[in-house]
């Protein structure tokens, strides 16, 4: 027997007929069934959900025929009327009067309630093999430190004042699928906090299933652990102030997390979460707010998303997020719009994405991300609004990006060198026809526009090559020179730019230029 003493058990001789029938059925190992009511599980907004049960339309006599005092039920489950035979206690259709107090009690058998109505239920530090509530109405469910050997099934219920599962330990699954969870003002939290589910440090050996559940207050499950999935697919979360996340799963540990078609009026906090496999991020906007997300310092195996998921999302924090694989449905352009921009520059999200692209063999995509990182670095500002880089560094940074693509596109310098070469060749050809190119040998009488046998002929292309390409000479520069101020300026501009671009291209190709 648990901590409920025999002296506290309501005497058998004082039990009402329905209470005596319940106790006798349980002691025989039989199901206690007062029949189905009118309410069932129905489709609500395309999702299965609670729609009420017999008590919501029952008259006074029907209510009276189903009433069981909470003390009687507590005494029965604690073993106060004798040892319960069989593997499970099944109770259907009762209206429990008062608050069911089972705190610190060890219940020997799995218990299933169906279409029952409760006031408050206190299962704090209760130990039970298994517990199920199906299509029930419950006031506030307090289950801090609850220990369930197998699974906790709380599906298609109405929780009229929320539920608390903080530090509960469940060997199997925790399921709230299809339930409606009203919020309550938690006195332990700051004023204005409306909580629907409080489950900090909840541990489930398998699934934490919140799919198709309606929460009219915040879902607070920081540092919870699920051996299987955290499933919020089709869930609906409303009534949460802007000052706090609608879903707080900070530090959560799970094998997989599903937010497909989750309708969340507010933000989702997955910061420092550890998701071994996949995060399915495809929420649906609800109300006037787009669901933002905080993935800061989280670790994820695979991020399964699509462009529409981030278009539908609000602000996203990715600082410190690490992942091993990303969904191929999003292009590099989509990912660039996903990465953070703005005043405060954070390089890690860019570096992480580039690393994953590189690991997947997409070198070009990795280079594009790395270049985008450097562009954002150049735009970064301090908190006071000033540029993070001084003017000199900012100008050099922009020049470095223009000429070499920040070291990732050395071909840019080669293209610029080719452009300088073509401009010089065209200009020197025009100069030759104008007589503005003359021999360096003052004794020579040759002219650039006419080739003769007594002096090396002038070639505008070879001359441009000599001017713009360093270290290699074809002899044109040794024999000819500009004889006009404008073309002399072109000569020196071509030499400086050509040699500069050529040197940078070679340095970038050989790895002498740092890409950062």
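The values are calculated or read from the model by the stated rules, or taken from the named source; none is laboratory data. Values in this document were obtained by computation on a predicted structure and should not be read as measured data. Glycine also receives a Cβ, built like all others from the backbone with ideal geometry; neighbour counts cover every protein chain displayed.
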- prompt: For segment 134-163, how many residues meet the condition of being in a loop (DSSP other than H, G, I, E, B) and at negative phi?
  reply: 12
field: Filter result (over 16 Å from the mean Cα position of the chain (by Cα) and part of a strand (DSSP E or B)) within segment 221-232
entry: 225, 226, 227, 228
Failed condition for residue 330, given (1) more than 13 Å from the chain's Cα centre (by Cα); (2) at pLDDT 80 or above; (3) not in a loop (DSSP other than H, G, I, E, B): (3)
message: Checking residue 335 against (1) at pLDDT 90 or above; (2) surrounded by 19 or more Cβ atoms within 10 Å (Cβ to Cβ), only one condition comes out false. Which one?
response: (1)
message: As an exercise: evaluate residue 433 against (1) touching a residue at least 24 places away in the same chain (Cβ under 8 Å); (2) farther than 29 Å from residue 505 by Cβ and give the number of the one condition it does not meet.
response: (1)
message: When you check residue 276 against the structure, is it surrounded by fewer than 19 Cβ atoms within 10 Å (Cβ to Cβ), part of a strand (DSSP E or B) and either touching a strand residue (DSSP E or B) at 6+ places or on another chain (Cβ under 8 Å) or at positive phi (or both), yes or no?
response: yes
- request: Answer yes if at least one residue in segment 14-31 is under 47 Å from the mean Cα position of the chain (by Cα), surrounded by fewer than 20 Cβ atoms within 10 Å (Cβ to Cβ) and either under 23 Å from residue 179 (Cβ atoms) or at pLDDT 90 or above (or both), and no otherwise.
  value: yes
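Out of 504, 497, 488, I need the residue that is assigned to a helix (DSSP H, G or I) and touching a strand residue (DSSP E or B) at 6+ places or on another chain (Cβ under 7 Å). Which one?
488
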statement: The correct count of residues that are assigned to a loop (DSSP other than H, G, I, E, B) and either farther than 19 Å from residue 295 by Cα or out of contact with any strand residue (DSSP E or B) (no Cβ under 6 Å at 6 or more places or on another chain) (or both) in segment 233-258 is 12
message: Checking the condition within 17 Å of residue 132 (Cβ to Cβ), touching a strand residue (DSSP E or B) at 6+ places or on another chain (Cβ under 7 Å) and either assigned to a loop (DSSP other than H, G, I, E, B) or modelled with pLDDT of 90 or more (or both), which residue from 36, 112 passes?
response: 112
- prompt: Which of the residues belonging to segment 183-206 are at pLDDT below 95 and assigned to a strand (DSSP E or B)?
  reply: 184, 185, 194, 195
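Tell me which residues, restricted to segment 70-83, are over 12 Å from residue 11 (Cβ atoms) and surrounded by fewer than 21 Cβ atoms within 10 Å (Cβ to Cβ).
70, 79, 82, 83
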- prompt: Going through segment 427-461 one residue at a time, which ones are assigned to a helix (DSSP H, G or I) and either under 19 Å from residue 501 (Cβ atoms) or at pLDDT below 85 (or both)?
  reply: 427, 428, 461
